[in-house]
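Working notes, structure below.
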Amino acid sequence: MITYEPFRRMTREREISTYRLINYYKIGRSLLNRLKHDKPITTVTLNDLCCSLGCRVEDILEYRPDEPGKSSSSSGSHSSR
């Protein structure tokens, strides 16, 4: 599963408040909600976040394998390539 814990950690370390993300960085409330709840975002959005915040993809998200017996939150199954 994809988690946005690195984004949350980075904003805490940089002391960037939700208010500042919305008003200074112009990040929408709906996007912040998606990040908070580890919901999918597009690569375009990911690119925009990296540009706005001056960071790398690794500062926004990380992949964690699903625990055995738990399905991911996205629908459908993906085969490995």
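A residue that is touching a Lys or Arg at 6+ places or on another chain (Cβ under 7 Å), in a helix (DSSP H, G or I) and surrounded by 11 or more Cβ atoms within 10 Å (Cβ to Cβ) cannot be found anywhere in the stretch 35-48. Considered as a group, the residues in the stretch 49-73 that are loosely packed, with under 14 Cβ neighbours inside 10 Å and among the charged types (D, E, K, R) include one that is nearest to the chain's Cα centre (by Cα), and that residue is GLU58.
Residues of the stretch 17-32 that are under 16 Å from ASP48 (Cβ atoms) and either touching a residue at least 24 places away in the same chain (Cβ under 8 Å) or loosely packed, with under 14 Cβ neighbours inside 10 Å (or both): TYR24, TYR25, LYS26, ILE27, GLY28, ARG29, SER30.
Here, each number is a calculation from the coordinates, and none is a lab measurement. Bear in mind the structure is a predicted one, so any value in this text is a computation, not a measurement. Heads up, the Cβs are rebuilt from the backbone with ideal geometry, glycines too, and the neighbour counts pull from every protein chain shown.
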